[in-house]
Amino acid sequence: MTGSIYISDLKPDDGVLQVIKHEYKNVEKQVMQTVKISGTFDGIDNKLACDNLSIGNCFIQESTVIGSNSNGGTPGTSYTINKIGKLVQVLSWGDFDYKTLNNMFYKAEGLWNIPNESLPNVNYAMYTFAGCSKLTKLPSKFKLPYALLNAEGMFASAGLAGVAVQNLEINENLCVINNMFKDCKDLTEKPENFYTNKYMNVDYINKKDNSNAFVGTAVENPTDIS
């Protein structure tokens, strides 16, 4: 079954934000479902939906159960159950003219696979994969865009583990890495030659990283740049 979101021209109704919702109806069993998005927009920001559930549902699937003695609920009372992380794969970045990737997959806890290619060529990718706890590795051809300037919190609290980012190429333009891999608790290695750039908030005189890029990981001496 395929569900589609077709937006001919995505324009805000008021201010700078338009909220778009999509839901599947009459789904009787768990199946893989593809969502297609079309339109004109600068980016897709899920943080507002995640932090304020009255605005959106941030990859949450809701179901209703009726309370009973067996499930611990009040008999006859309806309860709404939220299951987080129903976005599991991204098949393509599409052909959109993205201006930003900020918060695009923020708290997509079920996301485990992304396209095996470079991200769209944007300047900002702040918290793009933050909270993607099932994203444990990156595809072999995954690259950061050459234009990227700010990657603050890009993979914060993601599931990246072991040497998952060791071969990640860092372009010479990237300057902001605050919290970039913070709290990826099972990550053990930094990208090779990570400190060849002159990042902001990195003290090259005293050889200390003040950006918290690897704090909360299993990287040995996470603030040491030598």
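At pLDDT 95 or above and exposed (fewer than 14 other Cβ atoms within 10 Å of the Cβ): does that describe Gly162? Yes, satisfied. Condition (residue is in contact with a helix residue (DSSP H, G or I) (Cβ under 7 Å, 6 or more places away or on another chain) and modelled with pLDDT of 65 or more) applied to the range 23-38: is it met by at least one residue? Among the residues of the range 23-38, not one is in contact with a helix residue (DSSP H, G or I) (Cβ under 7 Å, 6 or more places away or on another chain) and modelled with pLDDT of 65 or more, which makes the answer no.
Pairs linking a residue in the range 109-124 that is over 12 Å from Gly159 (Cα atoms) to a residue that is in a strand (DSSP E or B) and not aliphatic (A, V, I, L, M), with Cβ atoms under 6 Å and 6 or more positions apart or on different chains, are Ser118/Lys143; Tyr124/Asn150. Return the residue satisfying two criteria in turn: it lies in the range 177-226 and is assigned to a strand (DSSP E or B) and farther than 16 Å from Leu160 by Cβ, and of such residues it is most open to solvent (accessible area, probe 1.4 Å). Here the answer is Lys208. Based on what the data block shows, is Val122 surrounded by 20 or more Cβ atoms within 10 Å (Cβ to Cβ) and under 17 Å from Trp93 (Cβ atoms)? So Val122 fits the description; yes. Within the range 139-165, the set of residues being under 13 Å from Asn123 (Cα atoms), assigned to a loop (DSSP other than H, G, I, E, B) and in contact with a strand residue (DSSP E or B) (Cβ under 9 Å, 6 or more places away or on another chain) comprises Leu144, Pro145, Tyr146, Leu148, Leu149, Ala151, Glu152. Screening Ile170 with (1) surrounded by 17 or more Cβ atoms within 10 Å (Cβ to Cβ); (2) at pLDDT 95 or above gives one miss only, at (2).
The values are calculated or read from the model by the stated rules, or taken from the named source; none is laboratory data. Note that the structure is predicted; figures quoted are calculated from it, not measured. Using ideal geometry, Cβ is built from the backbone for each residue, glycine included, and neighbour counts are taken over all protein chains shown. Note: accessible area is taken over every heavy atom of the protein model, side chains too, but ligands, DNA and RNA are not part of it. Shrake-Rupley method; radii C 1.70, N 1.55, O 1.52, S 1.80 Å.
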